[in-house]
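Taking it in order: structure first as structure tokens, then the write-up.
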There are 2 protein chains.
Amino acid sequence: MNVNNHPLKATQLSSQADAYDILFEPVEIGPVTARNRFYQVPHACGMGHLKPRAHAAMRAVKAQGGWAVVSTEETEIHPSSDLSPFAEQRIWDDHDIPALRLMVDAVHAQGALAAIELVHNGYHATNHYSRIPPLAPGEMSLNTNYPRQARAMDKQDIIGLRRWHMQAAKRAKKAGFDIVYVYAGHGMTLAQQFLIPRFNQRIDEYGGSLQNRSRLTRELLEETKDAIGDKCAIAFRFAVDELMGEDGMQAVEEGHEIVSLLAELPDLWDVNVSGWENDSLTTRFGLEEGYQVSYTKHVKSITSKPVVSVGCFSSPDKMAALVKGKVTDFIGAARPSIADPYLPEKIRDDRVDEIRECIGCNICVSSETLGIPIRCTQNPTMGEEWRRKWHPEIIRPRVSDRSTLVVGAGPAGLECALQLGRRGYHVMVAEASDEIGGRALHESRLHGLSAWRRVCDNRLYELNQKANVDIFRLSQLTANDIVDTDASAVFFATGAKWRRDGVGRSNRREIPGLENIIVHTPDDIMNGVNPGNLPVVIFDDEQGYMGGVIAEQFGATFSDVTIITSASVVSPFTIQTLEQERVQSSLIKKGVKIRTGEIVARAQDDAVETRCLFSGRRQLVACKILVLVTQRTSNNDLLSTIKEADFSSLRQHITHIEAIGDALAPGLIADAVFSGHLAAQNFEGDTREIEQALFRREIPAIPAD
Amino acid sequence: MNVNNHPLKATQLSSQADAYDILFEPVEIGPVTARNRFYQVPHACGMGHLKPRAHAAMRAVKAQGGWAVVSTEETEIHPSSDLSPFAEQRIWDDHDIPALRLMVDAVHAQGALAAIELVHNGYHATNHYSRIPPLAPGEMSLNTNYPRQARAMDKQDIIGLRRWHMQAAKRAKKAGFDIVYVYAGHGMTLAQQFLIPRFNQRIDEYGGSLQNRSRLTRELLEETKDAIGDKCAIAFRFAVDELMGEDGMQAVEEGHEIVSLLAELPDLWDVNVSGWENDSLTTRFGLEEGYQVSYTKHVKSITSKPVVSVGCFSSPDKMAALVKGKVTDFIGAARPSIADPYLPEKIRDDRVDEIRECIGCNICVSSETLGIPIRCTQNPTMGEEWRRKWHPEIIRPRVSDRSTLVVGAGPAGLECALQLGRRGYHVMVAEASDEIGGRALHESRLHGLSAWRRVCDNRLYELNQKANVDIFRLSQLTANDIVDTDASAVFFATGAKWRRDGVGRSNRREIPGLENIIVHTPDDIMNGVNPGNLPVVIFDDEQGYMGGVIAEQFGATFSDVTIITSASVVSPFTIQTLEQERVQSSLIKKGVKIRTGEIVARAQDDAVETRCLFSGRRQLVACKILVLVTQRTSNNDLLSTIKEADFSSLRQHITHIEAIGDALAPGLIADAVFSGHLAAQNFEGDTREIEQALFRREIPAIPAD
């Protein structure tokens, strides 16, 4: 076998543990004490009240990984704040306590504090299940896509709301929570709606002056404190800035004043920016470590209470500097704690280079917006703690001394190899090209996606520590090469290529006339092909992120770029990652022409013929180069050859053949990583256990009634 | 009190019960016998596996109402057909049997047969929970908005699928079902995907000829029959036509041939058209009773097995004629059984005029597409059978002899009066105008919405039978009038009016410059105001159906009509009712100009200034008349007056004051009817019971594990 081995050198670790001691100091929060400064702020996870066991297991792993505080997602305090069909937490009445206690007990068992984020969502709650008219400071349209309005709360309603909040707080205490939130953030809570003048135009003592607009929040803080402050700390989650300039709350204006007004009321300030798309900014649109600090840094100078700041922190140097600089008391994290639940442990144990750094892709967020259990591109165990008993750091050891071969070093292959390696198998990884990373590397070269490279970097780093893993580059294997290795298990992670014929979601047959025109695929663009010849048309029938990314890349350079999409917006999947407005806005600003609800039906010299999906109307659009973002084809020629009858005698020693990642079925990078992880976990596993995990789910109780 | 009483005359009933005897003949279906010809075909309900008790109670009421067969929604047979987050039924393994048995037992207790629709969704299942790569006849994009592809099934996969289906059938039998479905319809099942050439391009014995493409269906039918045919009837649900002409399955071509090929294999043919938006066509786009018969009528002439036909049937004359004419054996129904679960009973009991006729609005469908429990504009008890113990025909009797007043005879007022009347209270209904029906009547005058009038017609008919209800027209009451009546309970159903200042979802403050231009609201249009002066701009910031309806009405008459919407498509809510493509297509065909993702930011002489929500770019659009479809204001001046301190002594005898419907919070007509029903049900009810119903929900079991 003609292969080359180019192991990377491991980055030298410089022991800095002492410098990070400050991060591991205990911090008092009202009546409770956090063991260190790592704080998992409330974040949604698509499990909520529908999947309590999965939820508890997921939060427990974070506590185990060293977070001092582990929080729930938003927790509805009453059926008039009913976010159905989305699965947040609920604490409507005592029936919800057992499910919440599962999480509390699991978090406590790992030595962490459990926090609960109480919420009334006001005009953000459609109340689809409860069917109660939504509540708001005034009569107004909801901010959900439903033609139902909220009604204006009267004094009795406000008294009722305060009572619900207090009762929920008492139930939270009963469930065992250590920290209970009052929540005014993300453009989705009643407390925040009262604070902001464009939502609150009341003329009573709850509207008008800032004093009046903050009255409800003050009452909630005081009453929660009175009710449960003996045992529980009261946290206030507050969005200091809406990033709308003068049209909204600004950190330099009322965002500052509110902190002053309420400074000593809560036991803890958890501060961020609003709305959710700003708090959960993606790397594609500028997410950098500490990006929120400029908005939130003033808070600590105003209050004597501990402050939690967020900002996708993963570097302990930065974290320590922020604490030393008295910018924050706690390193708050949602996404970094998802990508690596063991981030605190790894810092403490001087294993900083092992941190799986969040790539800022918001696949975690998309789980929530889709209403499905959380997943993560970097951490494939996320969301699988209960169902599949996966753990981010621990994996079952090998059950034999079989030698394994992974063909392809993209996301699926690297993850599969890494986990097989961690299990103790001998692993050979054969990569056809001279680069490790496959799709994750190629896509990271596209506009805005450079952080996606972390998917390979992190895995390569770990793989290079392992004596039992050999990575071979420039190793385009043939079927004969494969059977010539001593591997008895072969995992095909050979990826997929973009189709060049236009077949996809809208055209189930190839687009006629493509021979008249120059056609490129995303693979060509990632390989550095430049359109050169204008005008360029991108036809996005996949509706993921790729079409919009290429349009943006071209828009930055070329003057005549059109994107045609079968969807009603560019890159509709990015609605789920909270990026879509930024995607479309950026294209418009770059002068990219956008044609929605259309497909390319035919190509001819210098033009494509579009068809409107609504009217059937056809139009010609000038085009020299057509980029087809339609559908992918799995690269499984090699797998097919191995499976052929001719090979049956040669492959007798190969008892396990499996396609993984895009070679099995193209999807997101997160899907590929998951697929590689799944294959490695299940390899030589108990068939019955694997089957059980596939079927494990939470089912409604059927009491007699 | 100066009021006029104009009771309507009741339509004379002509007894035709004998003519309908044929509808009540028992019919054999394989090994089981249906007690009559009324067949509730499978339909989604947003409850599924997440709300088994609510589901069982809902289906039970249909059985009680006389349906001979009551079916589930689609039931996933395996985690590789995982429709999460949508709540269909599941029969993945034995753990699902108890929930399904709840329904079976409840349906059997009412003397009906229980049917289950087994399904594998192929490329329609995203598998968000199970994370299994979706399966399809070939490698292809999903038809959901997710950038994940299905993989091509190999022979082993097909064998596996057949085994899963057979195992699911056995579990269905174990759960007690009488009828088990094989399902090839609605563009969402694997069996159908194999039948249709644009999805099935296989070159093995499952692709190519129709014989080959129907092989999988044949196998499923035969194997299901073999496995459970001794006790259970095997039904085949088949879409004979995709309404795509030559591009898809046609009833006159392969739709016919498939029936011939498989004619005698199932015990029952349940036939319709595909996709779902065609099967569930709305009245707005041409739904008429029996609209599918032209496509399905050939089936009965080919097979000797009983045939179920659907088509929104509500007239027993038509039904009897179809059976006598040997067009069908069963009157299939989804929506008519939702609007009136007692439809069969009412026909049998010669109470045809009491049938609550479906208005074809697809609010029921929207429940499913939103993932929330089913609701119905006409039948407010739908979906509330378990939670609130509501029943479409039975309501608790009055608990006092108090006299009640309902102010306003729109959907909420009529429903409230009807239910108070049925409870036995004396009810006065005061309507300010000379017409009964309020919003339901006014909107029914808009383009395509004439069927919505049934909301008032049905209620008026019933109200007019009641000696204890007096309806007063032309009765614009003052607060003094109200306190002068002997009513001790007053329900304000005074509706809402559309705002004229532009405040709404996008503009939380009024639009500047409106004084420079002629502004109309939907109320004006419903009152017959015609724009007259062109160009007309409709600004839809509500995003319901109204903006699109007005645009369509104008587009049919005028030449220069523009609709500006803050959404990415016209009337995005109609995506949920499966109408959106037809809405936008119709507007384009009528020459209406569509501007999406924009708002009206300012008005000036002869133009409005738009702002792009993505880029902030502003543009002028010529405009003489601006129709604002933004937000509504509840009409509650009268209620406020009554509540004023001045009135406290005068109103002492009024111990119950309540706003209902749009007067409480504007929403859909379905919301208004529900609100009126809720108020009447809860009037003088047990506070504790009412509270309990508000909080009643199904919660996941927490077994030790």
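The values are calculated or read from the model by the stated rules, or taken from the named source; none is laboratory data. Model, not experiment: these values are computed from the prediction. Ideal geometry is used to build each Cβ from the backbone, glycine not excepted, and the neighbour counts take in all protein chains shown.
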Residues of segment B:467-497 classified as surrounded by fewer than 21 Cβ atoms within 10 Å (Cβ to Cβ) and either within 29 Å of the chain's Cα centre (by Cα) or within 20 Å of B:ASP637 (Cα to Cα) (or both), total: 12
Which numbered condition B:GLY676 misses (of (1) touching a Cys at 6+ places or on another chain (Cβ under 9 Å); (2) at the interface with chain A (Cβ under 9 Å from one of its Cβ atoms)): (2)
Of all residues in segment B:45-61 being under 16 Å from A:ALA701 (Cβ atoms) and in a loop (DSSP other than H, G, I, E, B), the one that is nearest to the other protein chains (Cβ to nearest Cβ): B:LYS51
Condition met for B:ASP671 (at the interface with chain A (Cβ under 7 Å from one of its Cβ atoms), modelled with pLDDT of 95 or more and assigned to a helix (DSSP H, G or I)): yes
Complete set of residues in segment B:563-591 that are part of a loop (DSSP other than H, G, I, E, B) and either aliphatic (A, V, I, L, M) or under 23 Å from B:LEU514 (Cα atoms) (or both): B:SER566, B:ALA567, B:VAL569, B:VAL570, B:LEU578
Which numbered condition A:SER84 fails, given (1) closer than 30 Å to A:LEU694 by Cβ; (2) more than 10 Å from every other protein chain (Cβ to nearest Cβ); (3) part of a loop (DSSP other than H, G, I, E, B); (4) of a type in the set (Ser, Thr, Tyr): (2)
Residue within segment B:336-351 that is among the hydrophobic types (A, V, I, L, M, F, W, C) and surrounded by fewer than 24 Cβ atoms within 10 Å (Cβ to Cβ) present: no
Count of residues meeting criterion [under 18 Å from A:ALA556 (Cα atoms) and under 27 Å from the mean Cα position of the chain (by Cα)] in segment A:505-537: 3
Residue check for B:ALA172: on the phi < 0 side of the Ramachandran plot and away from chain A (no Cβ under 11 Å): yes
Counted residues, segment B:254-291 - those being in a loop (DSSP other than H, G, I, E, B) and touching a residue at least 24 places away in the same chain (Cβ under 8 Å): 14
Within segment B:116-166, tally of residues that are part of a helix (DSSP H, G or I) and in contact (Cβ under 8 Å) with a residue 24 or more places away in the chain: 10
For B:ILE625: the one exception among (1) closer than 30 Å to B:PRO535 by Cβ; (2) of a type outside the set (S, T, N, Q); (3) in contact with an Asp or Glu (Cβ under 9 Å, 6 or more places away or on another chain): (3)
A:LYS300, sole failed condition from (1) outside any helix (DSSP H, G or I); (2) more than 21 Å from A:ARG215 (Cα to Cα); (3) in contact with an Asp or Glu (Cβ under 8 Å, 6 or more places away or on another chain): (1)
Filtered residues of segment B:526-585 (kept if touching a strand residue (DSSP E or B) at 6+ places or on another chain (Cβ under 6 Å), within 17 Å of A:SER615 (Cβ to Cβ) and not β-branched (Val, Ile, Thr)): B:ALA551, B:GLY555
Checking B:SER506 against (1) farther than 30 Å from B:VAL407 by Cα; (2) in contact with a Gly (Cβ under 9 Å, 6 or more places away or on another chain); (3) surrounded by 17 or more Cβ atoms within 10 Å (Cβ to Cβ); (4) facing chain A (nearest Cβ under 10 Å), the condition it does not meet: (2)
Selection count, segment B:679-692, where residues are more than 10 Å from chain A (Cβ to nearest Cβ) and either surrounded by fewer than 18 Cβ atoms within 10 Å (Cβ to Cβ) or assigned to a loop (DSSP other than H, G, I, E, B) (or both): 9
Residue check, A:ALA333 surrounded by 22 or more Cβ atoms within 10 Å (Cβ to Cβ) and among the hydrophobic types (A, V, I, L, M, F, W, C): yes
Some residue of segment B:542-550 being more than 24 Å from B:THR282 (Cα to Cα) and outside any loop (DSSP other than H, G, I, E, B): no
Strands (runs of 3 or more DSSP E) completely within segment A:592-666 that count 2 or more residues being away from chain B (no Cβ under 11 Å): A:593-596, A:598-604, A:607-612, A:618-622, A:625-629, A:656-659
Selection count where residues are among the small types (Gly, Ala, Ser), closer than 20 Å to B:ASP226 by Cα and either crowded, with 24+ Cβ neighbours inside 10 Å or modelled with pLDDT under 95 (or both), scope segment B:256-274: 0
Counted residues, segment A:203-224 - those being within 22 Å of B:GLU510 (Cα to Cα) and surrounded by 18 or more Cβ atoms within 10 Å (Cβ to Cβ): 2
Among (1) under 30 Å from A:ILE359 (Cα atoms); (2) outside any helix (DSSP H, G or I) - the single one A:LEU477 does not satisfy: (1)
Lone unmet requirement of (1) buried (at least 17 other Cβ atoms within 10 Å of the Cβ); (2) at pLDDT below 95 for A:GLN652: (1)
Residues within segment B:442-466 that are in contact with a Pro (Cβ under 9 Å, 6 or more places away or on another chain) and either in a loop (DSSP other than H, G, I, E, B) or free of Cβ contacts under 8 Å to residues at least 40 places away in the same chain (or both), tallied: 1
Of the criteria (1) within 14 Å of another protein chain (Cβ to nearest Cβ); (2) free of Cβ contacts under 8 Å to residues at least 60 places away in the same chain; (3) aliphatic (A, V, I, L, M), which one A:VAL469 fails: (1)
Residue within segment B:102-109 that is within 11 Å of chain A (Cβ to nearest Cβ) and either at pLDDT 95 or above or part of a helix (DSSP H, G or I) (or both) present: yes
Segment B:115-138, residues that are within 27 Å of the chain's Cα centre (by Cα) and of a type in the set (D, E, K, R): B:GLU117
Unique residue being closer than 23 Å to B:ASP540 by Cβ and crowded, with 24+ Cβ neighbours inside 10 Å when the list is A:ALA169, A:ALA184, A:ALA191, A:ALA150: A:ALA150
Helices (runs of 4 or more DSSP H) fully within segment A:308-383 counting 2 or more residues that are within 28 Å of A:GLY413 (Cα to Cα): A:335-339, A:343-348, A:363-370
Filter result (more than 9 Å from chain A (Cβ to nearest Cβ) and not hydroxyl-bearing (Ser, Thr, Tyr)) within segment B:116-134: B:ILE116, B:GLU117, B:LEU118, B:VAL119, B:HIS120, B:ASN121, B:GLY122, B:HIS124, B:ALA125, B:ASN127
